[in-house]
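Before any comments, here is the structure.
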Amino acid sequence: LRGSENVRIFINGRPSGLLGTNIADALRQLPGDLIESVEVITNPSARYEAEGEAGIINIVLKKERRGGLNGSLQAVAGYPDDYRVTLNANYRTDKMNLFGSTSVRYNNSPGGGSGNQIINNEDTSYTFRNTRDQLRGGWSQTYRLGADFFLNDKNTLTVSGLYDTENGLNLVDIRYFDETNEGVSIGETLRSDEEIELEDTYEFNLNYLKTFDEKDRKWTIDAQFIRDDDIENSNLIQTSTYPANDSLFQRSSNTENEVNYLFQSDYIDPLPNEMVLELGTRNTWRFIDNDFSVETREGLNGPWVPIDEFNNYFQYREAIYAGYAILSQDIGKWSWQGGLRAEYTDIETELVETGETNPRQYLNWFPSAFLGYEVQENQTVQLSYSRRLSRPGFRQLLPFTGYNDNRNFWAGNPDLDPEYTNSFEGS
């Protein structure tokens, strides 16, 4: 959206463990025949959470409305290695709709790149080039099961769950070519990384929908629980020809456990004179524990020794409490909408080994306004405004680095503040 990757992606209006951390791979695995529609919201109203400066993409999954047993089977083969099999089924009666799906995927994605760095210090100058070859892939399996209970003609309760498991193998070879600034070779280094990644995701959703005799009046309640356990273990071997032929053996371990809770309630009430009132609240809690360690040893049989400056245990705690109100009206060919959303954010990060904490609390207001004019049927001109924010992601706050590339380090900053955007749009 507008060339930005800072987009919020929802499934059925909510975050989903189905997307995981690699959204592109997750969307490739989502079968097309499960999707009812894709909503692209470039300038979201106060109804939606303020996160995501470029907008929101909401994927609406189908709910089979035909009675009896229905299902589909999909198989995909692609190059480079991408093999998927997905089975979907549902069984519907007057009182209940059972639905489920299962999918298995294997993929291997090659990649690579190169770079050139020139270092000029007061006492020395040199250049090194690098090439990077990688192969990322592995197996993943997803299971989804749920049921709609039609309590009566105005009350529906939906319960659903999801389990996703991944077993990945990532191989990376980085070659460094050290040279003088005049191009004379002074050495070559190969750093090989074999990473095994194991990830399990659990999701549980509870939804209640109440409709009324009055058209378009409804009340919804949503509750969600997501747990994600991710373990990344790397074995690194580095061989060098300068200053002498030598080898370096290292290993790193990264354990990241995340738990998310969500409670949301929305109410829509049509008023006289073509006016509509919307009220709602959304509350989320997020807890992440990240344990990272690096060890090294001399020779193949030496003892493993921790590299203390790279070892740490980081905890992230986030709570966001939000409420909104929207009023809209259609007046002939004209339509307008105005809304206001309040979000209170409470974040705390802690480096457990040093006891260093960084609490953040802030209250923000996010107005939105829309004005439209129907030029003719199916053609409307619209002006809109909304205020959004981008909170620093967990990785951007994480103050210690990865260790796969020991010449280029990347680290986050726990002191980062959110970024705010005022978005104006005409369409």
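The values are calculated or read from the model by the stated rules, or taken from the named source; none is laboratory data. Nothing here was measured: the structure is a model prediction, and the numbers come from that model. Using ideal geometry, Cβ is built from the backbone for each residue, glycine included, and neighbour counts are taken over all protein chains shown. Ligands, DNA and RNA are excluded from the accessible area calculation, which covers all protein heavy atoms including side chains. Shrake-Rupley method; radii C 1.70, N 1.55, O 1.52, S 1.80 Å.
Brief remarks follow.
- On the stretch given as the stretch 75-105, residues that are assigned to a strand (DSSP E or B), open to solvent by less than 60 Å² (accessible area, probe 1.4 Å) and not aliphatic (A, V, I, L, M) total 14.
- The lone exception for Asp308 - which of (1) touching a residue at least 12 places away in the same chain (Cβ under 8 Å); (2) surrounded by fewer than 18 Cβ atoms within 10 Å (Cβ to Cβ); (3) within 31 Å of the chain's Cα centre (by Cα) it fails: (1)
- Qualifying residue in the stretch 108-118 (condition: open to solvent by less than 40 Å² (accessible area, probe 1.4 Å) and more than 24 Å from Asp193 (Cα to Cα)): no
- Applying a threshold of 9 Å to beta carbon distances and a minimum spacing of six or more residues, or different chains, the list of pairs starting in the stretch 353-365 at a residue that is basic (Lys, Arg) and ending at one that is open to solvent by 100 Å² or more (accessible area, probe 1.4 Å) reads Arg360/Asp417.
- Inspection of the stretch 361-372 finds no residue satisfying the criterion of being open to solvent by 70 Å² or more (accessible area, probe 1.4 Å) and outside any strand (DSSP E or B).
- Scanning the stretch 251-265 turns up at least one residue that is at pLDDT 95 or above, open to solvent by 40 Å² or more (accessible area, probe 1.4 Å) and under 30 Å from Leu327 (Cα atoms).
- Sole residue being farther than 30 Å from Leu271 by Cβ, hydroxyl-bearing (Ser, Thr, Tyr), in a strand (DSSP E or B) and open to solvent by 60 Å² or more (accessible area, probe 1.4 Å), chosen from Ser247, Ser192, Ser234: Ser247
- The listed residues are Leu151, Leu209, and the only one of them that is open to solvent by 80 Å² or more (accessible area, probe 1.4 Å), part of a strand (DSSP E or B) and out of contact with any helix residue (DSSP H, G or I) (no Cβ under 6 Å at 6 or more places or on another chain) turns out to be Leu151.
- Any hit, the stretch 325-346, residues being touching a Lys or Arg at 6+ places or on another chain (Cβ under 7 Å), in a strand (DSSP E or B) and charged (D, E, K, R): no
- Check on Phe128, of a type in the set (A, V, I, L, M, F, W, C), part of a strand (DSSP E or B) and within 30 Å of Ile268 (Cα to Cα): no
- Qualifying residue in the stretch 228-238 (condition: over 29 Å from Tyr313 (Cα atoms) and touching a residue at least 24 places away in the same chain (Cβ under 8 Å)): no
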